[in-house]
Amino acid sequence: MGIPTVADRIAQEVVKRYLEPIVEPIFHEGSYGYRPGRSAIDTVRKARQRCWRYDSLPMGASLHRTLVEGASTDGGRQDRAAYGGNSQGGVVSPCLANLFLHYVFDMGMVREFPDIPFERYADDLICHCRSAEEARALWNALEARFAACRLVLHSQKTKLVYCKDANRRGDYPIQSFDFLGYEFRPRSAVWHGSQLGVSFLPAASPRALKAIRQTVRRVDTPSTERQDPG
């Protein structure tokens, strides 16, 4: 997490306003995060549609040692080789991260796996595959590609998920995943004609619901009750 100074914010805003009109037209249609006119809900909606059409997917990526400059505690500049990560507090950071991943991931998918659609929201991504074999091959290729670019797949988020529903009844160990605060898994659904069936659908994840309940409790608790009696 970075805390830019006022001068940093002004300078970064100038860079952002200059870069966005240039890079926005080249970005891939599967890139959604921090782009004008696109939202997390748009990403989830597209992922839901594609989960109906494709059987399995590896998902999840973590940025590591990308843009490497930041302020040190003594007011100087940190050594570039010793600092890792794109500052999360920077105004221009989302644009730069999207630009970096555009070439590292998006264009790599276009070149090597043009038939595998994906949704990427910043560094969270889903790739929709037609089979477990195709998903494993992609996973191996992504690991090698990211390692070459000093990135790593998230050890907990990355998984091969089977999108099980009424028409896909295979038995695979993982049949759910979390993405942008939503949990995708087999759920009871009402189909056309009021028929009850099972579809692979998103809904608010347990973690997101817990965070919402905690926020509501804090809002409902009077400030005097939250004060430390000591």
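The values are calculated or read from the model by the stated rules, or taken from the named source; none is laboratory data. Just so you know, these numbers come straight off a predicted model, no measurement behind them. Positions of Cβ are generated from backbone atoms using ideal geometry, with glycine treated the same way; all protein chains shown enter the neighbour counts. The accessibility values were calculated without ligands, DNA or RNA, using every heavy atom of the protein model including side chains. Shrake-Rupley method; radii C 1.70, N 1.55, O 1.52, S 1.80 Å.
Within the set Ala148, Ala137, Ala141, the sole residue that is in contact with a helix residue (DSSP H, G or I) (Cβ under 7 Å, 6 or more places away or on another chain) and among the small types (Gly, Ala, Ser) turns out to be Ala141. Among residues of region 1-23 that are free of Cβ contacts under 8 Å to residues at least 24 places away in the same chain, none has a Cβ under 7 angstrom from a residue that is part of a loop (DSSP other than H, G, I, E, B) and surrounded by 15 or more Cβ atoms within 10 Å (Cβ to Cβ) at a sequence gap of 6+ or on a separate chain.
Name the single residue that is farthest from Tyr172 (Cα to Cα) among those in region 110-142 being of a type in the set (A, V, I, L, M), touching a residue at least 40 places away in the same chain (Cβ under 8 Å) and open to solvent by less than 50 Å² (accessible area, probe 1.4 Å). Selected residue: Ala122.
Which residue is surrounded by the fewest Cβ atoms within 10 Å (Cβ to Cβ), if the candidates are limited to region 171-199 and must be closer than 15 Å to Leu57 by Cβ and free of Cβ contacts under 8 Å to residues at least 60 places away in the same chain? Looking at residues that are closer than 15 Å to Leu57 by Cβ and free of Cβ contacts under 8 Å to residues at least 60 places away in the same chain, I get Pro173.
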